[in-house]
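Working notes for the structure below.
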Amino acid sequence: MATLVQVENLRKEFGNVRALDGVSFRVDAGEWIAIMGPSGSGKTTLINILGGLDTPTAGQAIVDGTDVARLDEAGLTRFRAEKIGFIFQQFHLVPYLTAVENVMLAQYFHSTTDEKEAQQALERVGLGDRIEHLPSQLSGGEQQRVAVARALINHPKLILADEPTGNLDEANEEIVLSLLRELHAEGHTILMVTHAPPIGRLADRRIEFAHGRLVRPAAALKPELA
Ligand SMILES: Nc1ncnc2c1ncn2[C@@H]1O[C@H](COP(=O)(O)OP(=O)(O)O)[C@@H](O)[C@H]1O
Ligand SMILES: [Mg+2]
């Protein structure tokens, strides 16, 4: 199996807070990993560094052969557009764009927009009848499904999902999780932050954080021990 994500001795300090305190692990292409651990343990910081939204204080985060911290602003924009699909707890849709325009914005950053393809992505997440709705006209679950469509539209190598069901009711949680299951079955690599053990058990492997460190470092490096 090819390694898609390689994290080596990653550190991140915010002033005197050590958000990540020497984290190392690898993820093979096609794996679904659950990042677990209590609030404040560094999970979001890790996701942000892997996605090029933040930079480490020390150590390396290599995604698909790219050392993310070495990219300049233009390189980061291209990296995010081409390799990463983000799903955030707070959806982060652009409020004045319709559902289909939010998906097309991701296409725009990647290459060229294709409204038909963006509509098909929304149909796939069950929102074929909400294409022209603004985020404020959608429920939380529907907004998160738009975000999933946006995350998929460029066929990213890596899907980074930070508590993707943290703000959803049970029915929408089930819809988003079954979409993640489908993506995994199609061969996508998924790093999903959750603190819900039943959701963590859907993943192939769990990596557990406490105080910016891995709880069982060996398991993170050797899938057969996890
Ligand atoms: N931008 C920031 N500035 C200062 N401290 C931060 C910042 N982001 C995160 N932290 C701190 O880093 C630690 C890890 O945060 P985070 O990665 O968000 O944890 P988690 O996602 O596991 O809840 C926390 O103590 C948090 O307060
Ligand atoms: Mg977090």
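The values are calculated or read from the model by the stated rules, or taken from the named source; none is laboratory data. Worth saying up front: this structure is predicted, and the values here are computed from it rather than measured. A quick note on method: Cβ atoms are made from the backbone with ideal geometry, for glycine too, and the neighbour counts reach across all protein chains shown.
Test I33 against the criterion of being within 16 Å of ligand 2 (Cβ to nearest atom), touching an Asp or Glu at 6+ places or on another chain (Cβ under 8 Å) and within 18 Å of R213 (Cβ to Cβ), and give yes or no.
yes
Step by step: first the residues of segment 48-69, then only those that are within 17 Å of the chain's Cα centre (by Cα) and within 15 Å of ligand 1 (Cβ to nearest atom), then the one that is surrounded by the fewest Cβ atoms within 10 Å (Cβ to Cβ). Which residue is that?
Per the criteria, the residue is T55.
Taking segment 197-226 as the search range and keeping residues that are small (G, A, S) and modelled with pLDDT under 90, which one is surrounded by the most Cβ atoms within 10 Å (Cβ to Cβ)?
Filtering first and then ranking leaves A220.
Could you tell me whether any residue of segment 209-218 is more than 23 Å from L53 (Cα to Cα) and free of Cβ contacts under 8 Å to residues at least 12 places away in the same chain?
Checked segment 209-218: at least one residue is more than 23 Å from L53 (Cα to Cα) and free of Cβ contacts under 8 Å to residues at least 12 places away in the same chain.
Determine which single condition V27 fails, assuming it passes every other condition in (1) away from ligand 2 (no atom under 16 Å from the Cβ); (2) outside any strand (DSSP E or B); (3) surrounded by 22 or more Cβ atoms within 10 Å (Cβ to Cβ).
Of everything listed in (1) away from ligand 2 (no atom under 16 Å from the Cβ); (2) outside any strand (DSSP E or B); (3) surrounded by 22 or more Cβ atoms within 10 Å (Cβ to Cβ), V27 misses just condition (2).
For residues that are in contact with a Gly (Cβ under 6 Å, 6 or more places away or on another chain) and assigned to a loop (DSSP other than H, G, I, E, B), scanning just segment 165-196, find the one that is modelled with the highest pLDDT.
T194
For residues in segment 38-47 being surrounded by 20 or more Cβ atoms within 10 Å (Cβ to Cβ) and more than 6 Å from ligand 1 (Cβ to nearest atom), which is nearest to the chain's Cα centre (by Cα)?
Of everything passing the filter in segment 38-47, I47 is nearest to the chain's Cα centre (by Cα).
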